[in-house]
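The structure appears right after this line, and notes come after that.
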Amino acid sequence: MIDRRRFLSSASAGVAAVSAGPALARVSAPNAGNGAGDPALAAFMDKYFESQVDASPETATQLGLDKGARAALKSRLTIPTREQEEKDRARVRAARAELGGLNRAAMNAQDAIHYDTIAANLDAVIKTFSIPYGQGGWPQVYRVSQGGGAYLNTGDFLDNQHTIATQADAEAYVSRVNDFADVLAAETDRVLEDFALGVIPPDFILKKTIGLQAGMLGTAAGESTLVQSIVRRTREKSIPGDWGARVEKLVSSRVYPALQRQNDALKAALPKAGHEASVARLPQGAQYYANSLNYITTTRMTAEEIHRVGLEQVADLTARSDALLKSQGYSQGTVGERMAALVANPANVYPNTDEAKVELIAHLNEQMAAMQALLPKAFGRLPKSSVEIKRVPPEIQEGASQGYYNSPSLDGSRPGIYWINLTDTANWPKFGLPTLTYHEAIPGHHLQIALQQESAAAPKLMNLIFFSSYGEGWGLYAEQLADELGAYDNDPLGRVGFYQSLLFRAVRLVVDTGIHFKGWSREQAIRYFIENTGRAEGGATSEVERYCSWPGQACAYKVGHNEWVRLREKARKTLGPRFDLRGFHDMALAGGGMPLTVLERVVDNWILAHKASAA
């Protein structure tokens, strides 16, 4: 998955980040055949991009724009007060009003696509404002949980996004650690507001969150990531100063007390927490979930429709997996039981040791290099930015996703990062690892996002607007493309892992809607997950608990994948021998993320252009 934590740094329009400096020139999209681009739209996109970056120090850093005139942003963090949230919301509403004042009817085809993409994003975000709790513009319903909150995000952000090359960078780091205490304090105030509304996480989420925070508080300040990161990196750059002692003092005197207050607030709420998992139990919960599905899938599919599609695809993929497993000599038991038996075979799992985890990551790099050699068969353009593979830091791995991706900076100074959660290697059998690599790195998230950032056809604003069904749908489509490129031709168990991944995402449709629409319990969802995928119980539990705190997010993958496949086959069937796979991919990725409905119009325009050129 794309690491959505980076988008939570601003509560506005699902923003992410870019890099180069405030003087970064706008790269205009090529015209789509209806005259020159609209200067008013171009000005709006530039203005909105700049305002979003200026409003979010985290976004400026993630994009590498915390330099030059924006250097002061590198010393700050966003303090999530109610006042800050209202400013963010006002900026979004003002942007939507300004966009609505433009003459869309006079725009060429390409500008109309950009207009509709931005309008769809802003409308979906504004729709969430009617709910008086949760993360505005993203369906992470609880401000602090086992998978979200400043306690999880900030140390990771400072260690992996905040660059340290000079003494000024180190001073900025110290300033941000100081701000971290204020972030935690403001976040705790907002959590208490939500609790007063009856928005209390289920007991299993609270217990895990309390435990994760207790583990951090039990770590000596000097051994914390916050301290160790600046000590290591200033030493590497030979930057003089007693940075470790300064940050250690801030951690012990400000950060830890603020975190302790938050932990105490969560513990105080525990006796009031129920065990019911569904967001439907909350005030306006049914509307919250409907908003989430609309925002996440960028479709009008209802929870009932998504649940039905999920059940149909689970049945189809189970049948396909059954045939493949039988061809490999695995014929006894259900598909889930046979996949579980594969995982139970020690030959298919790395030992759960630090040494084996180093070996695992080395093998991932080999798989990625092999795939890199196959990419020219399917793409005319390939990204210049590199991607690194890293293990999720142990201090946050219990609440983190199983795998996720951080994009590179816009200026190329920081590569993309594909993170793998190695809490328990049984969650990642050897035969499933190639598919994870193809999803998170290439031809998945890294290829798609790096191409977007490097594209002359994507205005820089597109790097701030995130469409989960487009990006996660592409990640799942990339798994299928890897199979089509021959990645599993000599690896039948690897193809089993690919089928398991598809089945995993189809199961997600059933489980997410089962929890939040059908009223399934956490235990019922975990049982369905294990029975149908053969996943280890630990991994299944972590996944289900994530769906409980992020309603709808799990539906992005298969809904998006289904649409990518449908549109490709539509183009292939319409164009026949004139269909060009490389051209299709280059076209569909060039303009950046967009709603699935807009993606269909882009594909239709491409089909018409090819038909016209052949006439």
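The values are calculated or read from the model by the stated rules, or taken from the named source; none is laboratory data. Source: prediction; values computed, not measured. Ideal geometry is used to build each Cβ from the backbone, glycine not excepted, and the neighbour counts take in all protein chains shown.
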Practice item. Tell me, yes or no, whether region 560-570 has at least one residue that is touching a Phe, Trp or Tyr at 6+ places or on another chain (Cβ under 9 Å) and modelled with pLDDT under 95. Key: no
Exercise for review: For region 201-218, indicate whether the set of residues that are assigned by TED's automatic domain parsing to the domain that holds ALA165 and farther than 25 Å from GLN397 by Cα is non-empty.
Suggested key: no
Practice item. Inspect region 578-597 for any residue being over 27 Å from LEU461 (Cβ atoms), of a type in the set (S, T, N, Q) and assigned to a helix (DSSP H, G or I) and give the result as yes or no. Key: no
Check your understanding: Among helices (runs of 4 or more DSSP H) lying entirely in region 37-107, which contain 2 or more residues that are over 27 Å from the mean Cα position of the chain (by Cα), of a type outside the set (A, V, I, L, M, F, W, C) and farther than 29 Å from GLY416 by Cα?
Key -> 82-100
Check your understanding: Take the residues of region 92-147 that are modelled with pLDDT of 95 or more and among the aromatic types (Phe, Trp, Tyr): which is surrounded by the fewest Cβ atoms within 10 Å (Cβ to Cβ)?
Key -> TYR115
Practice item. Restrict the check to region 529-541 and report whether at least one residue is crowded, with 22+ Cβ neighbours inside 10 Å, out of contact with any Pro (no Cβ under 7 Å at 6 or more places or on another chain) and aliphatic (A, V, I, L, M). Key: yes
**Study point:** Residue ID - farthest from ALA60 (Cα to Cα), chosen from residues in region 160-196 that are under 26 Å from the mean Cα position of the chain (by Cα) and not in a helix (DSSP H, G or I)
**Key:** ILE164
Check your understanding: Can you tell me how many residues in region 317-336 are touching a residue at least 12 places away in the same chain (Cβ under 8 Å) and surrounded by fewer than 22 Cβ atoms within 10 Å (Cβ to Cβ)?
Key -> 9
Check your understanding: Which condition breaks for GLY274 when tested against (1) part of a loop (DSSP other than H, G, I, E, B); (2) in the same structural domain as ALA554 (by TED's automatic domain parsing)?
Key -> (2)
**Study point:** Only one of ALA303, ALA268, ALA319 that is among the small types (Gly, Ala, Ser) and farther than 25 Å from SER501 by Cα
**Key:** ALA268
Check your understanding: What pairs come up if the first residue lies in region 490-504 and is free of Cβ contacts under 8 Å to residues at least 40 places away in the same chain, the second is in a helix (DSSP H, G or I), and their beta carbons are under 6 Å apart, counting only those six or more places apart or on different chains?
Key -> PHE504/THR533
**Study point:** Lone unmet requirement of (1) surrounded by fewer than 12 Cβ atoms within 10 Å (Cβ to Cβ); (2) of a type outside the set (Gly, Ala, Ser); (3) not in a helix (DSSP H, G or I) for GLU355
**Key:** (3)
Practice item. Determine whether LYS430 is closer than 24 Å to ASP66 by Cα and either surrounded by fewer than 21 Cβ atoms within 10 Å (Cβ to Cβ) or under 19 Å from the mean Cα position of the chain (by Cα) (or both). Key: no
Point to revise | Residue count, region 378-409 (criterion: aliphatic (A, V, I, L, M), touching a helix residue (DSSP H, G or I) at 6+ places or on another chain (Cβ under 7 Å) and at pLDDT below 80) | key: 1
Check your understanding: Is there a residue in region 113-131 that is farther than 30 Å from GLU600 by Cα and either in contact (Cβ under 8 Å) with a residue 24 or more places away in the chain or in contact with a strand residue (DSSP E or B) (Cβ under 8 Å, 6 or more places away or on another chain) (or both)?
Key -> yes
